[in-house]
Structures are given as C-alpha cells and as structure tokens.
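The values are calculated or read from the model by the stated rules, or taken from the named source; none is laboratory data. Not measured: the values here are computed from a predicted model. Glycine also receives a Cβ, built like all others from the backbone with ideal geometry; neighbour counts cover every protein chain displayed. All accessible areas refer to the heavy atoms of the entire protein, side chains included, with ligands and DNA or RNA removed. Shrake-Rupley method; radii C 1.70, N 1.55, O 1.52, S 1.80 Å.
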Amino acid sequence: MKSRTKNLLTDQEIKNLVKINFKDSHQVTHIEELKGGMFNAIYLISRAGEKEKIVLKVGVIPGTPLLTYERDIMPTEVACYRMIKEKTSVPVPTVLAYDFSKKHIKSNYFFMTALTGTALAKASRKMDKENLEQIKRRLAEYLAQIHEITGSYYGYFSQDPKQQYQTWKDAFFHMFGQLLQDARGHKVRIPYERIEKALKANEKYLHDLAAPSLVEYDCHDGNVFVKETEKGYQIEGILDFERAFWGDPLADFPTAFVFVDDIRREKAFLESYLKASRRTAYTQEDVKRYQLYRLYIAVIMAAETFRYGFVYSRLQGAWAKRQIKKCLKALENKR
C-alpha cells in the first residue's frame, strides 16, 4: 500500500539502525519491506548468526499531514506491547529496542520480534467454518484480557492533563469533534450536521462505564496473525496498537469486524466475549454504542483518504461514506 505517511529508509540507513541498537555482532544479511501496512514503513530483517528475523517499524516524519489523533502515536504502541506482555497471556511481539529521540533518523522507530505466520485476512480463505469460529472465539478471549487492563483517564494516550478525561462521554465527544474538524479541513464530503446531531441524541449510551479499558481499535483480520498446526490454524500474535485509547471495550468490536453491521451476526465471537468478560448479555444499549463506534471508524476511513493514491482513495472513501449513512440510520432510529 502506497501512502504519503510512510518514511521509507535506504538499506544503509536500516543497517545503521541495526548497528546502533544491536552492535557490530549482528550483521544484516537481508532486508525486505513489508508493504501491506497503510501508515508506517515496516521492514523484515535477517542478521548473520541469528535464526530469528526481526522487524523494524519506522514512524511518520513530524510535519507530515495527518489526522490529529495520529500525531506521534508510536510510543502508544510500544507501551501497549509492554503492558500486554506483563498483564495478559495475549500473544504480541516483543519490543527489542526503540528510539523516540529522532537523533539517527527523522522519525521514531522501534524493533520487535517477527511473526512468522499469515494474516487472518488471507488464511481465513483456507479455513473451514469450524476452525474460523475457533479463531474468533479465541480472539474474543484475548480482547477480553486486553480490556481488563485499565487506565486512570479516558481518551487517547497523552501526558497532557487537558487530554485526560474523567468521563468516557467527554473523551469520545472530544475525539469525534477533533476528527470532524480534521475532515472539514481536508474538505471531506460527509453529513457533518447529521453526525453531530446523532452523537448528541445518543450520548446517554456513553455513561456508566466501570473504568477506562485499554481498547486497541485496530484489531481487524489484517492485524491478527495465525499459524497452521496439527490442530488447525491458531492465533500466533496480534499487531498494531498505535491507535489504542482508554475507553469502552465495545469499541473494539466494529474495528475487529469492520464489514459487519451488527456484531450479533458473529455469534461465536460474541458468546465467547460475553463469557470471558463476565458480561450477562449484549443489550439494546450496546447495539447503539456499537453503531456509535462504527460511525467513528467510518468517519476516520473517510477522512484519511487524502494520503492515498487516487484509485484506492476513491474506493475507500465511497465505502466509508456508505457505512456512515448506515450508522446514522441506525442511530436515528429511536427503537
């Protein structure tokens, strides 16, 4: 995927970073750009004397046009990997080294262990229904564990007290308001007044959370890697936590199943999640919250298209705008 956000490095720059972080004993023997991502430049690296490959993830150069929430988000991903490793059994890569000083290159970067499996988006085409449902049940269990990690405020990760909200409603309204401001700045044609009216009409569903939970908000099947075993495919690891925030656990559902209008259609996933999270039911209030969070990701997908090529930008933008209309219809329905 070509994107204006990718900070592509030369082989020599990559070798220099390896030398700085792993010393002279690890000579680079092969570098492969992993082109599936849509935001960062990512490289798979082989080193002499080392059986396991490593991954270099290179952040966006400061000053590159971005949506506001996307600025300087790589530290969030590193923090999430470390918390998840410490507090759960969820399989994620191990962070090997990182540097946010921008001393050696113009952006943040970090190294992590490589996953050797296949993205679920691709592997699912080869799975039978039973194996795919097993994967979805396990994913639900892993998300429930992630959601047990709690923070001290709501909103995106921030050191600024003004960006640390004490209620989820205030945080979500701020997040959505900033996104709409970005979309207007990029002249994205979406029904702003209808969106704002729908948010206000449904704000009552954003109250009464027990605590700010860790939400990945990017757990789609391209970020879930699986490996084939004697017992079928199993989840090897989950990637890309840079868009994480502290909020409502249910916000992870529409990004995990981005093509699903109603999560109740994913029966295996939902039943497993309710059991793992000790929730008694998926309520009518949850249905509305699902649509609010689905609306948010749809607006993000419409607003971010400025950085892609013409054809992909048009395709994603058209799809996102259709989803916005569907979400608004559901949220405007008073039932």
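Here K51 meets the list (1) in a helix (DSSP H, G or I); (2) open to solvent by 60 Å² or more (accessible area, probe 1.4 Å); (3) more than 28 Å from Y156 (Cβ to Cβ); (4) not hydroxyl-bearing (S, T, Y) almost entirely, failing just condition (1).
Within the bounds of the stretch 94-102, is there any residue that is open to solvent by 30 Å² or more (accessible area, probe 1.4 Å), more than 19 Å from the chain's Cα centre (by Cα) and in contact (Cβ under 8 Å) with a residue 60 or more places away in the chain? Yes, the conditions are met somewhere in the stretch 94-102.
Considering the conditions (1) over 19 Å from F253 (Cα atoms); (2) part of a loop (DSSP other than H, G, I, E, B), V90 is excluded by exactly one of them, (1). Taking each residue of the stretch 186-200 that is on the phi > 0 side of the Ramachandran plot and looking for partners that are surrounded by fewer than 19 Cβ atoms within 10 Å (Cβ to Cβ) and in a helix (DSSP H, G or I) with beta-carbon atoms closer than 9 Å, six or more apart or interchain, yields K187/F306. Quick one: would you say Y290 is closer than 30 Å to R4 by Cα and crowded, with 16+ Cβ neighbours inside 10 Å? In short, no.
Residue by residue, here is whether (1) under 30 Å from K57 (Cα atoms); (2) in contact with a Cys (Cβ under 6 Å, 6 or more places away or on another chain); (3) among the basic types (K, R) holds:
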position: E271; (1), (2), (3): no, no, no
position: L274; (1), (2), (3): no, no, no
position: E285; (1), (2), (3): no, no, no
position: M301; (1), (2), (3): yes, no, no
position: R307; (1), (2), (3): yes, no, yes
position: S313; (1), (2), (3): yes, no, no
position: N333; (1), (2), (3): no, no, no
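Scanning the stretch 155-177 for residues that are farther than 21 Å from D208 by Cβ and either part of a loop (DSSP other than H, G, I, E, B) or small (G, A, S) (or both), which turns out nearest to the chain's Cα centre (by Cα)? So the residue we want is F157. Selection of the stretch 187-209 for residues being assigned to a loop (DSSP other than H, G, I, E, B), modelled with pLDDT of 95 or more and not polar (S, T, N, Q) yields K187, V188, R189, I190, P191. Considered as a group, the residues in the stretch 250-265 that are under 21 Å from the mean Cα position of the chain (by Cα) and surrounded by fewer than 20 Cβ atoms within 10 Å (Cβ to Cβ) include one that is nearest to C80 (Cα to Cα), and that residue is V258.
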